[in-house]
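We did not get these values from a lab; they are worked out from the coordinates using the rules stated. Not measured: the values here are computed from a predicted model. Note that each Cβ is placed from the backbone with ideal geometry, even for glycine, and that neighbours are counted across all protein chains shown.
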Amino acid sequence: MKTDLNPAYQQHEMDHPDNSEQISSPALEARGIYKSFRDRKKEVQVLDGLSLAVQPGQFVSIIGPSGSGKSTLFHIIGGLTAPDAGNIWMNGVDVTGQKGLIAYMPQQPALFPWRTVEDNVLLPRELAGMSRVQALEETRLWIERAGLTGFEKAYPHTLSGGMQQRTAFLRAMMSPQEVMCLDEPFSALDALTRSDMQRWLLDIWEEHRRSVLMITHHIEEALLLSDTVYVMSSRPSSILQKIEVPFPRPRRENILSDPAFLALKHDISTMMREELRKR
């Protein structure tokens, strides 16, 4: 389904064409994913032929109504839940049902309370068999860049929400997997901390360009961070609209007041409100 977009956004697209080459094998691709669950003897269709792709080094966001199956899709991508039909592909290989192929950051930081900041961050390297000396050297560089210097030996319960999220993100960055899946990573933060984390994540990602798929309910966040935004329909969910975000990088906060940005934000908000009315 295609929806007409605001003229201000369309003009911005014409003024800033996307000349990037299409990559033949996405870092991550969901092809025709169907999933249903049984609820009190009734079959509930959650995903209805959903398809999307993340190209290497691309930041992609998924937004949609609550209950539209976004987290179910992540469970399928991570091999925790089997689709009824459809496949998950990574770099041209069918990996449906395979675990351990993505770095995952949940809504809550999920830090180990008995491990310090540096011990939480270096865990992926430790599990990969790297020597502690080498892992610590790399970890401390990341901690410094995350603004957590001085908190290396701190335990999670002593950190603010934003600091816990930074620690959790660094742990995901230290994972060897190419693709990072972020499940509403800033949803529990207050507005000011969330804005600060968005700026921090934007700077870190633009420097390292990991392949990222993020779930968010926050339209502004999706447009600020992403190269592509997929808007999901209400359940049973498919892709309502795929939007290539036209704003050049590096991006800064002043983009939030750009007329084309505001127009695109309004269009997506309208789409989502219309989907909610269908319930």
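A few points about this structure:
- Rounded to 0.05, the FRET efficiency of the residue 253 and residue 66 pair, given R0 = 30 Å and the Cβ-Cβ distance, is 0.65.
- Listed peptides 105-116, 209-220, 258-269 by packing density, highest first (mean Cβ within 10 Å): 209-220, 258-269, 105-116
- Extent along principal axes [Cα atoms of the chain; Å; largest to smallest]: 54, 49, 37
- Integer Hz, Karplus 6.51/-1.76/1.60 couplings in order for the range 63-69, x for Gly and Pro: 10, x, x, 4, x, 8, x
- Those residues of the range 211-227 whose amide nitrogen sits under 12 Å from the label point placed on residue 37, 7 Å along Cα→Cβ: none
- Prolate/oblate/rounded label for the range 74-222 (Cα gyration tensor, a/c 1.5): oblate
- Highest-MSF residue in the chain out of 96, 149, 139 [GNM, Cα springs under 10 Å]: 149
- Added length on full extension, which subtracts the Cα-Cα distance from 0.36 nm per residue, residue 278 to residue 206: 22.2 nm
- The protection proxy used here, the mean number of other Cβ atoms lying within 10 Å of each residue, ranks peptides 242-250, 51-59 as follows, highest first: 51-59, 242-250.
- Summed residue charge, Cβ within 13 Å of residue 257's Cβ, Lys/Arg positive, Asp/Glu negative: 0
- Nearest-ten-degree value, helix 132-145 long axis tilted from longest Cα axis of the chain: 60 degrees
- Partner aspartates and glutamates for residue 41 [C-alpha distance under 18 Å; skip if fewer than 8 residues away on the same chain]: 84
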